[in-house]
Amino acid sequence: MTAEILIVDDNADIRNSINDIILDHGYKTRLAANYNQALNEIDKKLPDVAILDVKLDKGDNDGIELLSHIRTKNKDIPVIIISGHANIEMAVKSLKKGAFEFIEKPFDLERLLNFVNRAVENYQLKKQNREYETKLFSSYDLIGDSKNIITIKDQIQKISITDSRILINGPSGSGKELVARKIHKQSKRNKKPFVILNGALLDTAKYELELFGEEKQNGVISYGALEKANKGTLLIDQVSEIPLDIQSKILRVLVDQKFKRINGNNDINVDVRIICSSSKNLKNEIEIGNFREDLYHRLNVFEINIEPLNQRISDIPFLINYFSEKISENYNIKKLDIDENNNYLINHLWPGNVRELRNLIERIAILQPDTKDKISNIIKESIKTDTLNEKVTENTLSVPLKEAREKFEKEYLIVQLKKFNGNISKTASFVGMERSALHRKLKGLGIKEFN
């Protein structure tokens, strides 16, 4: 959606000049020539950015009063203050009141346009962050009682209050971005931007532009991810995919705490917390020459490891129940009655991890089956044939019966132990054995017990 700019100035020539250049650059505009008109426009509909002259027809601080009025409605809306009677005190006052920029008349229209571009970018980023927060912080959470999830929750609590760099490892779909957002949300930077740079999706020729931004010949600045995330958090997703030459430049930023935009001459200092994520083993990438070891050690101050869903089976029933409830709410339908202990769901290998499970439940919600049998059929049709039973069959068809039985028992009991998070009593009850008999069976099959 095209951004809308409110222009407030009692000088028609200045008002129209600003209007012309902003319209030429593809923005929508609304105009006001005095205090009451401006107030009416603000109350009618908030703009994406406001340009306010300080002195209108009511008094010397009309623009400052309008600034305060806007901020009571939405403090994220950037306001650019302009004045032909400027002094240091007025500039400081407007900035303290929350102005995005202060510019003195007469001003260069290209310079003002640059401020507008940056203000629009800033507002859209904050708006996007609010949308993400609604979706990910309110709708979804880290769910499960496995050791891995409990450990990660504890790690988030401890590291959120620091500014340490973090490396999040985990397979695709396991929730790496969600963990990063939780860390940002619980940090002292939570009111500032959370910006994502996806290393796997960028054109290799655009990495530097996306990171550092560019100063164009007409004076307009294109801001990179580092500046967009200033005072906040930058998540570099799939950091393993960033080319080596860009890795060296990122390393230099981490060492010097500054950088230059493309075609820029001045150093840019930023205060950014960097979180990286990877689906690949970065130590292996270092060994084969795809990743810089010195950068790895700079980024990996604290490490979080998310296990694949098939290694934390005890989380699956919780996730099924959680997504069934949340997705049913989103579709405004009765809660889906999905059996949390459905063998197809418990024994599936989940190559797509939590994302695959969530997508399956959303598919069921879209189809809206009205019986458990219909739900079960959708699950059977949707899940690929890589459950425990197929896996065991492949491994046991070519061996003697006794060995096949032992293989099956071992695979079966390992799955059940994981399902109950290593709890021997619950596992024994489920499989129909005495606790002491299960201990002996596990020992006989060479299965190490775990808690």
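A few comments on the model shown:
- Filtering the stretch 89-109 to residues that are exposed (fewer than 14 other Cβ atoms within 10 Å of the Cβ) and farther than 22 Å from Asn74 by Cα leaves Glu89, Pro106, Asp108.
- Per the listing Lys407, Lys402, Lys418, the residue uniquely part of a helix (DSSP H, G or I), touching a helix residue (DSSP H, G or I) at 6+ places or on another chain (Cβ under 6 Å) and at pLDDT below 85 is Lys407.
- Scan of the stretch 329-361 for residues that are among the polar types (S, T, N, Q), without any contact (Cβ under 8 Å) to a residue 60 or more places away in the chain and buried (at least 18 other Cβ atoms within 10 Å of the Cβ), ordered by number: Asn342
- Cross-chain or 6+ apart pairs with Cβ under 6 Å, the stretch 1-17 first and free of Cβ contacts under 8 Å to residues at least 24 places away in the same chain, then among the acidic types (Asp, Glu): Arg15/Asp9
- Those residues of the stretch 302-312 which are at pLDDT below 95 and touching a Leu at 6+ places or on another chain (Cβ under 8 Å), in sequence order: Leu309, Asn310
- The set of residues in the stretch 76-93 that are modelled with pLDDT under 85 and within 22 Å of Gln37 (Cα to Cα) comprises Gly84, His85.
- Scanning the stretch 18-37 for residues that are touching a residue at least 60 places away in the same chain (Cβ under 8 Å) and of a type in the set (Ser, Thr, Tyr) yields a count of 1.
- Search result, residues across the stretch 138-161 that are crowded, with 16+ Cβ neighbours inside 10 Å and either outside any helix (DSSP H, G or I) or modelled with pLDDT under 85 (or both): Tyr140, Leu142, Ile143, Gly144, Ser146, Ser160
- Qualifying residue in the stretch 372-380 (condition: within 25 Å of the chain's Cα centre (by Cα) and of a type outside the set (Phe, Trp, Tyr)): no
- Residue-level analysis places Ser164 among those that are surrounded by fewer than 17 Cβ atoms within 10 Å (Cβ to Cβ), in a loop (DSSP other than H, G, I, E, B) and not aromatic (Phe, Trp, Tyr).
- Taking the stretch 421-451 as the range and being of a type outside the set (A, V, I, L, M, F, W, C) and in a helix (DSSP H, G or I) as the test, the residues that pass are Ser425, Lys426, Thr427, Ser429, Arg435, Ser436, His439, Arg440, Lys441, Lys443, Gly444.
- Restricting attention to the stretch 341-358, the residues that are modelled with pLDDT of 85 or more and out of contact with any Asp or Glu (no Cβ under 9 Å at 6 or more places or on another chain) add up to 6.
- Of all the numbered requirements in (1) at pLDDT 90 or above; (2) assigned by TED's automatic domain parsing to the domain that holds Ala205, Gly264 misses one, and that requirement is (1).
- Test: residue in the stretch 317-325 that is within 30 Å of Ile424 (Cα to Cα), surrounded by 13 or more Cβ atoms within 10 Å (Cβ to Cβ) and of a type in the set (A, V, I, L, M): yes
- Members of the stretch 167-213 that are buried (at least 18 other Cβ atoms within 10 Å of the Cβ) and of a type in the set (A, V, I, L, M): Leu167, Ile168, Val179, Ala180, Ile183, Val195, Ile196, Leu197, Leu202, Leu211
- Looking only at the stretch 378-396, and only at residues there that are surrounded by 13 or more Cβ atoms within 10 Å (Cβ to Cβ) and of a type outside the set (Val, Ile, Thr), the one that is modelled with the highest pLDDT: Ser382
The values are calculated or read from the model by the stated rules, or taken from the named source; none is laboratory data. What you see is a predicted model, and the numbers here were worked out from it, not measured in a lab. No Cβ is skipped: glycine too gets one built from the backbone with ideal geometry, and neighbour counts run over all protein chains shown.
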